[in-house]
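The values are calculated or read from the model by the stated rules, or taken from the named source; none is laboratory data. Small disclaimer: the values here were computed from a predicted structure and weren't measured. Neighbour counts are summed over all protein chains in view; Cβ atoms, including those assigned to glycine, are modelled from backbone coordinates with ideal geometry.
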Amino acid sequence: MPPNGVLDSIERRQRFKPTETGNYLHMTRRFRSVAIAALAVFALAGATAPSFAGITYNVTNDTAHQNGWSLNGTITLSGTGTYSDESAFTAWDITASKTGSPSHRFSNVLNVAWVSAAGTLVATASDLTLEGGSRLNFFSMPPNLGDLSYTSEVSWINAGVNSYYKGRWGASDQWLSEGANAFSPSVDGIWTLASGGRPSVDTVPELDPATGRSALSLVAGVLAMIEQQRRRRATLAT
């Protein structure tokens with residue numbers, strides 16, 4: 001018969017460490033796996049940072065000079081700054097609409113579409129402006145149609161008394177506003193072509209290296225803690 005001390009030790013083990021059956025061990029391992037996977041997902045999700053692909057503006061809808069048409073859409077540039085050509089334009093999607101007439105779209109995703117600019121364009125955190133002696137044109141053409149008379153355009157030409165603002169498609173001008181007051185808003189001869197600037201977020205987030213390392217360290221720490229507990233249980237069971 002074992003000594004009383006040995007019996008007390010066995011009783012304490014049974015009281016505080018119940019026998020782990022096969023089902024219990026299986027459920028424990030499964031819980032650990034799910035918990036580790038969930039922790040990794042949440043940790044790495046917190047480590048991702050949005051990738052900013054420029055700045056996007058809402059195009060100005062100058063209804064007073066558009067012959068009943070409404071102009072809505074966005075213009076995206078690679079960033080803020082002062083530009084003398086179209087090199088900073090990365091995307092645009094503008095639609096002209098009018099009650100009783102088919103709408104017309106200008107977009108860089110269309111088959112034949114391009115943008116042209118010259119002079120001084122200033123992109124700030126809030127607005128896109130066109131200074132005097134400058135122009136901005138968005139063009140599109142139906143695919144497989146070589147007749148340039150069918151080229152569609154929205155054009156802002158800021159040239160003092162020779163200024164004009166035009167929307168043209170279907171081989172005719174849909175609106176044409178001319179003269180020093182051809183477009184608004186205009187302050188001291190500077191036209192605000194678009195406003196409401198905000199960072200343009202890329203669809204694919206970037207993994208921030210520093211935060212990513214912290215997330216992986218957290219996962220590694222949890223794994224080490226689980227392994228330490230497993231070894232402690234194995235020691236107590238012997």
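For the reader, a short list of remarks on this structure follows.
- At least 1 residues being at pLDDT below 80 and over 20 Å from N67 (Cβ atoms) is the threshold, and among the strands (runs of 3 or more DSSP E) wholly inside the range 123-235 those reaching it are 190-201.
- Filter result (touching a Lys or Arg at 6+ places or on another chain (Cβ under 8 Å) and not hydrophobic (A, V, I, L, M, F, W, C)) within the range 82-111: D93, T95
- The set of residues in the range 39-91 being surrounded by fewer than 17 Cβ atoms within 10 Å (Cβ to Cβ) and at pLDDT below 95 consists of L39, A40, V41, F42, L44, A45, G46, T48, A49, P50, S51, F52.
- Some residue of the range 96-110 being of a type in the set (A, V, I, L, M, F, W, C), farther than 28 Å from A171 by Cα, touching a strand residue (DSSP E or B) at 6+ places or on another chain (Cβ under 6 Å) and not in a strand (DSSP E or B): no
- Cross-chain or 6+ apart pairs with Cβ under 9 Å, the range 71-82 first and touching a residue at least 12 places away in the same chain (Cβ under 8 Å) and under 9 Å from I55 (Cβ atoms), then among the charged types (D, E, K, R) and in a strand (DSSP E or B): T76/D93
- Within the range 89-110, being over 19 Å from T60 (Cα atoms) and under 23 Å from the mean Cα position of the chain (by Cα) holds for V109, L110.
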